[in-house]
Amino acid sequence: MALFQRSLLIWCVLLLGAAQLGAANSREDRAYAAACAAFQDTFYDRAEAALTQFLQDYRKSPSAPQAVLLLAQAQYHLGKYPETIARLTDTNNLAQAEASGLVDGYLYWTAEARYASGDLAGAADLFVSLPDRFPKSALGLNAVVAGATAFGKLGTWSRVDALLDNTNGVFQRTARLEPTNAVVAAGWLLQGQSKLVQRDFEAAANLLNRINPAGLTPEQDWQRAYRLCRAHLGRNDLTGALAAATNLLQIAAQAQGGGWTTNQANSVALYAELLERAGRPADAAAAWRLDLTNSAPLDLQQQAVLKTADLALVQTNLTEAEADLETYLKQFPASGPAELALLTLGELHLKDFTAQPAATNHLALAQAKLEQFLAVYTNSPLRGKAYLDHGWGNWVAAERTADAGEFKDKTAASLADFQAAAQLFAAPGVPVSADLAVARFKMGDAQFALNDFQGAQTNYQAVLAGFAGLTNVAASLGDRALYQILRARLALTNTAGVDEAMGQLLGKFLTSTLTDSGLLLAGQGFSSFGLPGKAREMFERFVAERTNSPLLPQVAFAAARTFEQEQNWPAAVARYETWLQTYGPNESRPAVEYARNWAVAQTGDEGRAFELFTNFFTRYPTNAQFTPLAYWWLGDHYFRLGVTNFLTAELYYQLVSQNFPAHELADRAQLMAARAAMGRSDHAGAIRSYLTPLIKDTNCPGDLQDQARFAYCEARRAMSASETNNFSLQDATNMLAQMYPEAVTNLVGALAWCETGDCNLQMSAYDAATNAYAQALSSPVLTATNLPPGGQVLRSRAQVGWGIALEKKAEAEGLPDDARKALLDQALANYQTVFYSDAETPDEFWRKEAGLKMLALASKTGRLKGPELDRFISHLEREFPPLKASLELKRAALKD
């Protein structure tokens, strides 16, 4: 009786006592406190062992009676009911309990153990005796309600009423003082059930209405609503029953988080029953369908299937054949023809679903009937057909779902059904049939959907090769099987196989629309294989042989795009121009125009490309696919021109994000608009109009938000040049701090630390700068053996930055010579780490920077002079030839 046991938690805590749960001084106290703690934390096996040991060691302890009771409870929770009863009824233990005032607890838990072990009568008598023997016991209320529960289980409802109706009894007294008490609520619910069983519906309704739902657990609230509904129904108050049932559904859904539990399924069943009684068969059928799920108990699912069928008959909204079959199966379920009737009924529902897919109950009914057939008629010669039909049901269910996991599961289920059907149709002695061909074909479809292209190809080939004597199979499935073989070979990148399948399609099914689609698909496949010439050959063959095909515009477009793959931009432009002259208004025209414009730009004719893209968005202002791309190109065009053109670039980027906010480039266009604003030195505007909105947009991709944060910091650093304080630089470091956690897994966080170091350098905060560079260098992503792309650059940048910060720190006034020398030595060491890098691909830019810093520092400190300095300069000249002229000037200056 878990409900009542939960209410005993406070009592148990009081039983343990403050001394035991608080500080424990003696070894005895500590042993008892540890055992109590294990019990309180519900580690009952641990508590059992600890309490057993305590009683062995300290049998005469004043805590022994409580320890016995706790040990018995631990054994109860471990399911050791005989041990619990024996311990609590032991005369020696009871004598000690008597002295400690704990006998009521011993009695109560003895009753709980009897109840749990199945001795309901013994448990009931013990529970009932407790408040009589110990009228002041805190356990009295629990005992009375628990005793009444035991009598209810025994079916002696009069004893339940006698206990709970007693106005002077502990239950009624507590109910008057504490009407929202959870145990009191349990008693009211039990008494309501008693009245229902005894058909005193008026009294049941009064009792259940008396309970305040606010004080109930979700389970208790559901029981109250369910029994109240039954009470209204018993009083023939259908309106009240429906209202209560509506509330019941809401309680069940909320209590279980929306899941289909037993309570919810029972709620649905009761609600559907009431709707039917109210003369609302359509609503009742809809309610019953809610129980047609795997979560509802099986008996309720079966009842729901039967009830929906019955209600459909009442509404006469199914075909006469379905109605006749339902009637027949209901009246004569064990007859010989019932086997065929059940299969046919499933097929009829499947056909109804195909005709009206919105009526999903047809699919559920069809599958239920077919599953029933397969379960009942285990040796039927019709099982192959049932599996085939059931496979179709799973197949269409997979097609209708948007959930990838459900799609995979349903498709796999359909494959298993089609395999079972094929095995039965191909069994010895069974004539070759079109059903077998369909089963093999659908096996191929399911395997294709599950990316098993080799298996799919095998089954499609079986359809082509295994049914030569059945002309209807070749006529209905031949071209489809070849087309699917073509698709499978494309997925397997089998170029020779694609050629072969295409040849068979052209040879055997020249007039089929699938042959047109196959030619287009084959050409696109060769293009994706990186064989543009082969693809173009296929497309040109299509144009030559399929002069009346509605796919000609698509094919000609695809042929032109093969020149793009070869980067033969003049040829691509010529083909696109031909397409635009050949084909009039067409859904592909905007795509072709855009491709032509892009190809013109790739030829280097930027002026003509500019004109074409400008005309494009004028002609297609609302084209959501290509007009944003045209705006983007124009924005890039002006951005490349720079100087006075940044404002125009910004305007075009704005057009992408403002006019097409759902486009994949919308957020990136905002970032580019910010870059353009920064290009014209409007750093505050870039932050206000673009970067801050991007950073705050929770739907903005994370990588783009990081780019926006770095751009924000770049803008702030530029703004700091005109400030007398470090506000912008400090704001930049605050923004960068948001990205530090990413240093664990990617370069973003390490870069943020590095940028922070640069900001601190600008603020002359050299200690903070060295710390930031050190954080960057120690981040897991930069200490890994295999650096990610860009990792070597960032590592070198941080190392050089660290060296610069150390040099700057050494220049501070008043620094002792030895401290200054130590800082400069550390700076030199950082530069040397980069310059003498043993990385497989060291970054040359930062090696050059490190080398120049080494030269300046070594010459300034006298670390290198004379011949050594000359040699180092020569080394730099060999490493970085473009620097030779400037290095020679340095050599001359140093000699002077």
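Shape analysis of the range 727-777 based on the Cα gyration tensor places the equivalent ellipsoid semi-axes at 18, 12, 6 Å, largest first.
Accessible area per residue was computed with a 1.4 Å probe on protein heavy atoms; residue 390 scores about 20 Å².
Starting from the Cα gyration tensor of the range 359-493, take the square roots of the eigenvalues, sort them a ≥ b ≥ c, and report rounded, prolate or oblate (rounded when a/c is under 1.5, otherwise prolate if a/b is larger than b/c, else oblate).
On the way: a/c = 2.04, a/b = 1.13, b/c = 1.81.
Oblate shape, in that a/c is at least 1.5 and b/c is the bigger or equal ratio.
When 610, 557, 43 are compared by accessible area of protein heavy atoms, the largest-first order is 43, 610, 557, using a 1.4 Å probe. Averaging the Cα positions of each part gives two centres, and for the range 466-495 and the range 722-752 these lie 61 Å apart. Phi-derived couplings, Karplus 6.51 cos²θ - 1.76 cosθ + 1.60 at θ = phi - 60°, listed residue by residue for the range 247-253: 5, 4, 4, 5, 5, 4, 5 Hz, with x used for Gly and Pro.
Can you give the Rg to Rh ratio of the chain, both from alpha-carbon atoms, with Rh computed by the Kirkwood formula?
Rounded to two decimals, Rg/Rh equals 1.11.
Take the eigenvalues of the Cα gyration tensor for the range 480-552, scale each by 5, and report the square roots as semi-axes in whole Å, largest first. Write out the running numbers ahead of the final one.
Working: eigenvalues 60, 45, 16 Å².
Working through the eigenvalues yields semi-axes of 17, 15, 9 Å.
When the surface is traced with a 1.4 Å probe over the full set of protein chains, residue 197 keeps roughly 70 Å² accessible.
I'd like to check one number: the per residue accessible area of the range 629-771, probe 1.4 Å, reported in Å² as a whole number.
Working: 6360 Å² over 143 residues.
Heavy-atom accessible area per residue stands at 45 Å².
With the convex hull of the Cα atoms taken as the outline of the range 636-680, the averaged projected area works out to 2.6 nm². Measuring gaps between exposed loop sites in the chain (GluC sites (Glu not before Pro); DSSP loop; at most 15 other Cβ atoms within 10 Å), the longest gap, sites not included, is 1-565. In the frame of its principal axes, the range 647-758 has Cα extents of 39, 36, 17 Å, reported largest first. The lysines within cross-link reach of residue 860, meaning a Cα-to-Cα straight distance under 20 Å and a gap of 8 or more places when in the same chain, are 808, 809, 821, 848, 890, 895. Normalising by residue count, the range 584-693 has a Cα convex hull of 91 Å³ per residue. For the range 532-572, the Kirkwood estimate of the hydrodynamic radius, built from every pair of different alpha carbons, is 10.3 Å.
A P(r) calculated from all alpha carbon pairs of the range 825-896, with 10 Å bins opening at zero, reads 20, 55, 24, 2 percent.
Computed over the range 746-862, the convex hull of the alpha-carbon atoms projects to a mean area of 7.1 nm².
Between the alpha-carbon centres of the range 109-164 and the range 25-74 there is a gap of 28 Å. In the range 393-471, the alpha-carbon atoms span a convex hull of 83 Å³ per residue.
Grab the alpha carbons of the range 438-563, take their convex hull, and tell me the volume per residue in Å³.
Details: hull volume 12.2 nm³, N = 126.
Per residue, the Cα convex hull of the range 438-563 comes to 97 Å³.
The three principal axes of the C-alpha atoms in the range 158-233 carry coordinate ranges of 32, 28, 15 Å, sorted with the longest axis first.
A probe of 1.4 angstrom, applied to the heavy atoms of all protein chains, finds residue 211 with accessible area near 10 square angstrom.
Less than 12 Å Cβ to Cβ from residue 224, Lys/Arg counted +1 and Asp/Glu -1: what total charge do the surrounding residues give? List each step's numbers first, then the result.
Working: positive: 210, 227, 230; negative: 219, 221.
Neighbourhood net charge equals +1.
Quick one: which of 518-528, 814-824 comes out on top by average Cβ neighbours within 10 Å, and what's the full order, highest first?
Details: 518-528: 22.3, 814-824: 12.6.
Going from most to least packed, we get 518-528, 814-824.
One Cα centroid belongs to the range 421-464, the other to the range 537-611; the line between them spans 41 Å.
Over all alpha-carbon pairs in the range 527-622, figure out the percentage whose distance exceeds 16 Å. Please list the in-between numbers first.
Working: 2580 of 4560 pairs.
Summing the P(r) tail past 16 Å for the range 527-622 gives 57 percent.
If you wrap the Cα atoms of the range 112-256 in a convex hull and average its projected area over all directions, you get 8.8 nm². Couplings for the range 635-650, taken from phi via the Karplus curve 6.51 cos²θ - 1.76 cosθ + 1.60 with θ = phi - 60°, read x, 4, 4, 5, 5, 5, 5, x, 6, 8, 9, 5, 5, 5, 4, 4 Hz in order; Gly and Pro are left as x. Straight Cα distances below 28 angstrom link residue 369 to the lysines 307, 330, 351, 385, 408, 410, 442, with same-chain residues fewer than 8 positions distant left out. Calculated mean residue ellipticity, 222 nm, the chain: -24000 deg cm²/dmol, from DSSP H runs (n ≥ 4) at -39500 (n - 2.57) each, averaged per residue and rounded to 500. With 5 Å bins beginning at zero, the pair-distance distribution over Cα atoms of the range 648-711 amounts to 4, 22, 32, 27, 13, 2 %.
Computed from phi, the 3J(HN,Hα) profile of the range 443-458 under the Karplus parametrisation 6.51, -1.76, 1.60 (θ = phi - 60°) reads 4, x, 4, 5, 5, 4, 5, 9, 6, 8, 6, 5, x, 4, 4, 4 Hz, with x in place of Gly and Pro. How high is the relative contact order of the chain, in percent, counting Cα pairs under 8 Å that sit 6 or more residues apart? Taking the mean separation of contacting Cα pairs over the length of the chain, I get 3 percent.
The values are calculated or read from the model by the stated rules, or taken from the named source; none is laboratory data. Computed from a prediction, not measured in an experiment: that's the story for all the values here. Glycine gets a Cβ as well: all are built from the backbone with ideal geometry, and neighbour counts include every protein chain shown. Please note that ligands, DNA and RNA were not included when accessible areas were found on the heavy atoms of the full protein model with its side chains. Shrake-Rupley method; radii C 1.70, N 1.55, O 1.52, S 1.80 Å.
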